[in-house]
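> One structure, pasted below without further comment.
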Amino acid sequence: MADEQALLAKNFASFINVLEAEDVNANYRIGITTTDSGNPRCPAAQTKPEGGKLVLSSCVDRVALGDFSFNMEDSSAACTDVCDLTGDDLQIKPTETQYSNGEKAPRSWIERIEGVTNLPDDVTTIQAFQCFGPQGVSGCGFEQHLESMYKALALAGQETSATNYGFIRDAAILSIVFITDELDCSYVPEFDAIFKDNKVFWENPDRPDATSAVCFNAGVKCEGAGPQYDSCRSANYDIDGNVDVPDDKAVLQPLSKYINFVQNLEEQKKSFDLNQEVLVALIAGVPRATTR
């Protein structure tokens, strides 16, 4: 993901320039988390899963921690080509939220409200995102895009969350953007054996460990001979490999969990303003189905 992160940071100005144009002048908050919510095959001490927590730290500092190194390959240019500001240069100003009762504190997100940001006076939103956006490449390779999104937004409503609480504004449009080059692998903890000793979904049962092919084999049903299929769709599989089972038997989290969650968020927003909505977008790398 190093190249993708670098491209996103380099092109972020195009997005911000629209939001901050005189005829738009939008109020906004931007929260960032990773797709790492852990996996039995990823030692937590090594991959340090965010689990949906909003992350706001300079990639320059994370380069020094080794977050841009994987399999001895240095990907630090994804950060250093666009950012030269450390965490000390990016001290977040204290702000309020609708739940803070006037109390100000540094938040774990970028915001611009009525033309005022929570960034240092000499740092633009574009510069800040170019430093905060690149997250590195050392996380767990069994990515949980959907579960990380779910946890991030659920934490935003929990007072006990030091990083996310208060992020969502009731009367604002919520836009969720997934940026990835891998399939989702949000799994049901009860069935974590599919990554350990149950090899039903393994690419090669003779291997000593599972690969991320598990994420495809346990969550996607395709028609056709392959490798270029006629069609593919999300599907529930049970622990024995049976397809189209009920949600409560699925080894990966059923898609309905996340659809219902996002729809509920939208309904909550509509109780404040009928025109409000939740938008979901993907900048993703899974190829479309190809007809033979």
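The values are calculated or read from the model by the stated rules, or taken from the named source; none is laboratory data. These figures come from a predicted structure and were not determined experimentally. All Cβ positions, even for glycine, are placed from backbone atoms using ideal geometry, and neighbour counts span all protein chains on display. Remember, those area values only see protein heavy atoms, side chains included, never the ligands or the DNA or RNA. Shrake-Rupley method; radii C 1.70, N 1.55, O 1.52, S 1.80 Å.
> Please give the length that would be gained between LEU65 and GLN158 if that part of the chain were fully extended, namely 0.36 nm times their separation in residues minus their C-alpha to C-alpha distance (nm, one decimal).
Gain in length upon complete extension: 30.5 nm.
> I would also like to ask the following. So how strong a dipole does region 118-243 carry about its Cα centre when Lys and Arg Cβ are +1 and Asp and Glu Cβ are -1, to the nearest 20 debye?
For this selection, approximately 120 debye.
> Does a label point 7 Å from the Cα of ASP88, set along Cα-to-beta-carbon, have any residues of region 102-122 with amide nitrogen under 13 Å, and which are they?
Within reach of a label on ASP88: no residues.
> Excluding same-chain residues fewer than 8 positions from LYS249, which lysines have a Cα within less than 27 Å of its Cα?
Filter leaves LYS151, LYS196, LYS199, LYS221, LYS257.
> When all protein chains stay in place, what accessible area (Å², nearest 10, 1.4 Å probe) is found for ASP121?
Near enough 140 Å² of accessible area.
> Calculate the length of the line joining the C-alpha centroid of region 102-174 to that of region 250-279, in whole Å.
Here the two parts' Cα centres lie 19 Å apart.
> Just read off the accessible area of PHE142 with the full protein assembly in place, 1.4 Å probe, to the nearest 10 Å².
Around 20 Å² of this residue is reachable by solvent.
> Pick from VAL177, VAL116, VAL214: which residue has the top mean-square fluctuation in a GNM of the chain where Cα pairs under 10 Å get a spring?
Of the options given, VAL116 has the highest mean-square fluctuation.
> With charges only on Cβ, +1 for K and R and -1 for D and E, what is the dipole size of the chain about its Cα centre, in debye, rounded to 20?
In total the dipole reaches around 360 debye.
> Semi-axes of the chain's equivalent ellipsoid from the Cα gyration tensor, sqrt of 5 times each eigenvalue, largest first, rounded to whole Å?
In descending order the semi-axes read 34, 23, 18 Å.
> Could you go through region 255-266 in sequence order and give the Karplus-derived ³J(HN,Hα) for each residue, using 6.51 cos²θ - 1.76 cosθ + 1.60 with θ = phi - 60°, rounded to whole Hz, and x for Gly and Pro?
4, 4, 4, 7, 4, 5, 4, 5, 5, 5, 4, 5
> What is the local net charge at LEU146, summed over the other residues whose Cβ is closer than 9 Å to its Cβ (Lys, Arg +1; Asp, Glu -1)?
-1
> Give the cross-link partners of LYS269 among the aspartates and glutamates, using a straight C-alpha distance below 12 Å as the criterion and excluding same-chain residues fewer than 8 apart.
ASP170, GLU277
> Can I ask one more? Among 200-211, 144-155, how do they line up by average Cβ neighbours within 10 Å per residue, starting with the highest?
Output ranking for 200-211, 144-155: 144-155, 200-211.
> With Cβ to Cβ distances under 15 Å as the rule, what net charge do the other residues near ARG112 carry (K, R +1; D, E -1)? Intermediate values should be presented prior to the final figure.
Numbers: positive: ARG29, LYS93, ARG107, ARG169; negative: GLU20, GLU22, GLU96, GLU111, GLU114, ASP121.
With Lys, Arg at +1 and Asp, Glu at -1, the neighbours total -2.
> With θ set to phi - 60°, apply the Karplus curve 6.51 cos²θ - 1.76 cosθ + 1.60 along region 141-146 and write out the HN-Hα couplings as whole Hz, x wherever there is a Gly or Pro.
Karplus-based 3J(HN,Hα) across region 141-146 equals x, 9, 6, 10, 4, 5 Hz.
> Suppose only helical runs count, i.e. DSSP H with n ≥ 4. What mean residue ellipticity at 222 nm does that imply for the chain under -39500 (n - 2.57) per run, divided by all residues and rounded to the nearest 500 deg cm²/dmol?
-7000 deg cm²/dmol
> A further question on this structure: Rolling a 1.4 angstrom probe over the protein heavy atoms, how many square angstrom per residue are accessible across the chain?
That works out to 54 Å² for each residue.
> Let me ask something else. Straight-line reach from LYS93: which aspartates and glutamates have a Cα under 14 Å away, not including same-chain ones fewer than 8 places off?
GLU103, GLU111, ASP121, ASP122
> When only the heavy atoms of the protein chains count and the probe is 1.4 Å, how do TYR237, TYR229 rank by accessible area, highest first?
Descending accessible area places them as TYR229, TYR237.
> For the chain, what does the relative contact order come out to in percent, with C-alpha contacts under 8 Å and a separation of six or more?
Once normalised by length, the contact order is 19 percent.
> For a Förster distance of 25 Å, can you work out the FRET efficiency between the beta-carbons of ILE283 and ALA21, rounded to the nearest 0.05?
Efficiency for this residue pair is about 0.70.
> Which whole-Hz couplings ³J(HN,Hα) result when phi for each residue of region 206-213 is put into the Karplus expression 6.51 cos²θ - 1.76 cosθ + 1.60, θ = phi - 60°, listed in order with x for Gly and Pro?
7, 5, x, 8, 7, 10, 6, 4
> Placing +1 at every Lys and Arg Cβ and -1 at every Asp and Glu Cβ, with all other atoms neutral, what dipole size does region 1-137 have around its Cα centre, in debye to the nearest 20?
Numbers: 10 positive and 21 negative charges, 112 e Å.
Computed about the Cα centre, the dipole is about 540 debye.
> Another one. Over the chain, with every protein chain in place, what whole percent of the accessible area is carbon and sulfur at 1.4 Å, could you tell me?
The C+S portion of the solvent-accessible surface of the chain is 49 percent.
> Further, regarding this structure: Using a basic spin-label model with each label point 7 Å from the Cα along Cα→Cβ, how many nm lie between SER175 and LEU274?
2.5
> Still on this structure, I have one more. What does the net charge come to around LYS93 if you take all other residues with beta carbon closer than 15 Å to its beta carbon, with K and R at +1 and D and E at -1?
Residues near LYS93 contribute -4 overall.
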